[in-house]
Amino acid sequence: MNKNLNKQMYYNVQTFGCQMNFHDSEKLSAMLQSLGYVETEKKAESDIIIINTCCVRENAELKVYGNLGELKRMKQKNPNLILAICGCMMQQKHVVEKIKKSYPFVDIVFGTHNLHRFPELLNNSYQMEGLLVEVWDQENDIPENLPVERKYSAKAFVNIMYGCNNFCSYCIVPYTRGRERSREPDKIYDEVQKLAQNGTLEITLLGQNVNSYGKTLQKPIDFSDLLKVINDIPGIERIRFMTSHPADFSEKLMDTIATLDKVSPHIHLPVQAGSNAILSKMNRKYSREDYLKKINMLKSKTPNIAISTDIIVGFPGETEKDFDDTLELVRQVEYDSAFTFLYSIRTGTPAATMENQIPDNIKMERFNRLVKLINEIGYKKNMHLVGKVVPVLVEGVSKNNPNRLTGRTDTHKLVNFEGPPSCVGSIVPVRINEAKTFSLLGTSEL
Ligand code: SAH
Ligand code: SF4
Ligand code: F3S
């Protein structure tokens, strides 16, 4: 197939999954833009469509297969369209086999470890017919100096580490993202400094387990030390990070959060379950008591801290008593918000073959009870902010109401408010007038 050199070429990227994937898509965008392609929202006018996939739960995979059906019809209409699929699903051999067998109209398949090879794969694909597959089993050195096309310049994601060594028994990520490895601190520093020079106010440091940052580096440095270095970069106003693993969450890091002025008073600390029996089967390496002790210490050091979490409902063997332990823990911690998931079997992980898989109807019933409790607590926590003035990083005009602006507090709460459109991209004081379950309403104090 040949690239048409006389016409402007368009691309479209669809991203599933976590911030890690979102940020990978930003890198793919930048590669295509440096080749002269222009991004489009419209799939129908695209010359290249990339699907960046996730396989953390079954429904994420089903969405991708659903999309492929639609893309087959588009490809029939426009045989010059290039379809590329990448991301975590592609790191699984059975998925690649399925694509070869059932979706042969796809042009390029690549994985998470060879993202940087995309321009070359694209070029090769133009020279040939049929499906080109290149997936690396192992991570190599971290490719540096890849261009990134940032979606929103006041806020930016920065990778500080890749992969995961924790092997929680339900989780596919260590198999799709490889072993844990940290980026060199000076590379991170340079990237953040450049972002700051270009007007970025907020950075989010990304890793599957940021608290173990530095362990693979020759020069010893830990995550708290990295935060200190980044805190000194002029222009950066807010530093956020995710995800923290409770087992590696140290008192030193709590002190760092409490003392560094730019580090947001918000922590995402996934608990997954409140019962020791389930935590142990999950291979989480902490007990309910360890977790609660750390939460209490954190709250005493940073009283205004917002805490969010991830919880899995219906892990194999979860009894009613185990589930009650989760509800009780949620009541004690009083999370500001939580992502809740129905346990999903991931082939190849230890939990997939554990006995006593929980039937869907029981999972669903527990899930609904948990969500109700979390929403009640979230609303109560939001109510505490009514009447207060909070700093909001303004992201743009609200989707639901063009007369309102939208942004986030330093505790990462969503705020819709009335204010001058000129404040988009800056941090402004907003008075909170009303609380909702998932957001706040306010008026700017400018
Ligand atoms: N590294 C992060 C997040 C990884 S994936 C961490 O450890 O917290 C994001 C969330 O997906 C996890 O926290 C977990 O709650 C959920 N998850 C992972 N595997 C799952 C599975 N098989 N079924 C249901 N939820 C799952
Ligand atoms: Fe998955 Fe556990 Fe690693 Fe998070 S820490 S990515 S849940 S294995
Ligand atoms: Fe993220 Fe999904 Fe991969 S959660 S790391 S994109 S499996």
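This table checks each residue for (1) free of Cβ contacts under 8 Å to residues at least 24 places away in the same chain; (2) open to solvent by 30 Å² or more (accessible area, probe 1.4 Å); (3) more than 16 Å from ligand 2 (Cβ to nearest atom).
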position: I188; (1), (2), (3): no, no, yes
position: K194; (1), (2), (3): yes, yes, yes
position: R238; (1), (2), (3): no, no, yes
position: F241; (1), (2), (3): no, no, no
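Would you call S212 within 18 Å of the chain's Cα centre (by Cα), surrounded by 15 or more Cβ atoms within 10 Å (Cβ to Cβ) and polar (S, T, N, Q)?
Values: within 18 Å of the chain's Cα centre (by Cα): yes; surrounded by 15 or more Cβ atoms within 10 Å (Cβ to Cβ): yes; polar (S, T, N, Q): yes.
Yes.
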Evaluate the following for V158: is it open to solvent by 40 Å² or more (accessible area, probe 1.4 Å), over 20 Å from A247 (Cα atoms) and away from ligand 1 (no atom under 16 Å from the Cβ)?
-> no
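Could you say which residue among K399, K388, K381 is out of contact with any strand residue (DSSP E or B) (no Cβ under 7 Å at 6 or more places or on another chain) and under 21 Å from N304 (Cβ atoms)? Don't jump to the end; show me each part of the working.
Values: K399 fails: under 21 Å from N304 (Cβ atoms); K388 fails: out of contact with any strand residue (DSSP E or B) (no Cβ under 7 Å at 6 or more places or on another chain).
Only one candidate passes the filter, namely K381.
Take the residues in the stretch 303-332 that are among the small types (G, A, S) and in contact with a helix residue (DSSP H, G or I) (Cβ under 7 Å, 6 or more places away or on another chain); name whichever of them is surrounded by the fewest Cβ atoms within 10 Å (Cβ to Cβ). Full working, then the answer.
Looking only at the stretch 303-332, we keep the residues that are among the small types (G, A, S), and these are 306, 308, 314, 317.
Checking which are in contact with a helix residue (DSSP H, G or I) (Cβ under 7 Å, 6 or more places away or on another chain) leaves us with 314, 317.
Working: G314: 21, G317: 16.
That would be G317.
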Which is outside the structural domain of P174 (by TED's automatic domain parsing) and more than 16 Å from T204 (Cα to Cα), of M282, M254?
-> M282
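Which members of the stretch 50-69 meet the condition of being over 18 Å from the mean Cα position of the chain (by Cα) and either part of a strand (DSSP E or B) or within 16 Å of ligand 2 (Cβ to nearest atom) (or both)? Step through it out loud before you land on a result.
Taking the stretch 50-69 first, the residues over 18 Å from the mean Cα position of the chain (by Cα) are 50, 62, 65-69.
I50 - this is the single residue of the stretch 50-69 that is over 18 Å from the mean Cα position of the chain (by Cα) and either part of a strand (DSSP E or B) or within 16 Å of ligand 2 (Cβ to nearest atom) (or both).
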Mind checking whether some residue in the stretch 106-113 is touching a residue at least 40 places away in the same chain (Cβ under 8 Å), surrounded by 14 or more Cβ atoms within 10 Å (Cβ to Cβ), within 16 Å of ligand 3 (Cβ to nearest atom) and hydrophobic (A, V, I, L, M, F, W, C)?
-> no
Between a first residue in the stretch 424-446 that is in contact (Cβ under 8 Å) with a residue 60 or more places away in the chain and in the same structural domain as T406 (by TED's automatic domain parsing) and a second residue that is polar (S, T, N, Q) and open to solvent by 50 Å² or more (accessible area, probe 1.4 Å), which pairs have beta carbons less than 9 Å apart while being 6 or more apart in sequence or on different chains?
-> G425/S153; F438/S337
Tabulated pairs, the stretch 277-288, first in contact (Cβ under 8 Å) with a residue 40 or more places away in the chain and within 11 Å of E318 (Cβ to Cβ), second outside any loop (DSSP other than H, G, I, E, B) and more than 14 Å from ligand 2 (Cβ to nearest atom), C-beta under 7 angstrom, 6+ apart or interchain = A277/D322; I278/D322
Over 22 Å from the mean Cα position of the chain (by Cα) and more than 30 Å from I203 (Cβ to Cβ) - does that describe any residue in the stretch 300-310?
-> no
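From the residues in the stretch 272-294 that are in a loop (DSSP other than H, G, I, E, B) and of a type in the set (S, T, Y), which one is surrounded by the most Cβ atoms within 10 Å (Cβ to Cβ)?
Within the stretch 272-294, the first condition is being in a loop (DSSP other than H, G, I, E, B), and the residues that meet it are 273-275, 282-287.
In the following step, the residues that additionally are of a type in the set (S, T, Y) were identified as 275, 286-287.
Values: S275: 23, Y286: 19, S287: 15.
Residue satisfying both the conditions and the ranking: S275.
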What is the one condition in (1) farther than 30 Å from K93 by Cβ; (2) open to solvent by less than 10 Å² (accessible area, probe 1.4 Å); (3) hydroxyl-bearing (S, T, Y) that T340 does not satisfy?
-> (2)
Is there any pair linking a residue in the stretch 44-65 that is over 17 Å from Y10 (Cα atoms) and open to solvent by less than 30 Å² (accessible area, probe 1.4 Å) to one that is assigned to a loop (DSSP other than H, G, I, E, B) and away from ligand 1 (no atom under 16 Å from the Cβ), with Cβ under 6 Å and at least six apart or on different chains, and which?
-> none
Hey, can you tell me all the residues within the stretch 146-166 that are within 15 Å of ligand 3 (Cβ to nearest atom) and out of contact with any Phe, Trp or Tyr (no Cβ under 9 Å at 6 or more places or on another chain)?
-> N159, Y162, G163, C164, N165, N166
Are any of the residues in the stretch 10-21 within 27 Å of E139 (Cα to Cα), more than 24 Å from the chain's Cα centre (by Cα) and either surrounded by 20 or more Cβ atoms within 10 Å (Cβ to Cβ) or not hydroxyl-bearing (S, T, Y) (or both)?
-> no
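Return a yes/no flag: does the stretch 361-375 have any residue that is closer than 28 Å to A258 by Cα, open to solvent by less than 50 Å² (accessible area, probe 1.4 Å) and part of a helix (DSSP H, G or I).
Taking the stretch 361-375 and keeping what is closer than 28 Å to A258 by Cα, we get 374-375.
Filter again for open to solvent by less than 50 Å² (accessible area, probe 1.4 Å), leaving 374-375.
Within this subset, residues satisfying the condition of being part of a helix (DSSP H, G or I) are 374-375.
The answer is yes; a qualifying residue exists.
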Among the residues of the stretch 170-185 satisfying the criterion of being open to solvent by 20 Å² or more (accessible area, probe 1.4 Å) and either outside the structural domain of N159 (by TED's automatic domain parsing) or within 9 Å of ligand 1 (Cβ to nearest atom) (or both), which is nearest to I142 (Cα to Cα)?
-> V173
Tell me which of these V424 doesn't satisfy, since it passes every other one: (1) at pLDDT below 95; (2) more than 26 Å from the chain's Cα centre (by Cα).
-> (2)
Keeping to the stretch 36-49, report how many residues are at pLDDT 95 or above, hydrophobic (A, V, I, L, M, F, W, C) and either over 30 Å from K101 (Cβ atoms) or in a helix (DSSP H, G or I) (or both).
-> 1
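The values are calculated or read from the model by the stated rules, or taken from the named source; none is laboratory data. These numbers were taken from a predicted model, which means no experiment stands behind them. For neighbour counting, all protein chains shown are included, and Cβ atoms are generated from backbone atoms with ideal geometry for every residue, glycine included. Side chains included, ligands, DNA and RNA excluded: accessible areas come from the protein's heavy atoms. Shrake-Rupley method; radii C 1.70, N 1.55, O 1.52, S 1.80 Å.
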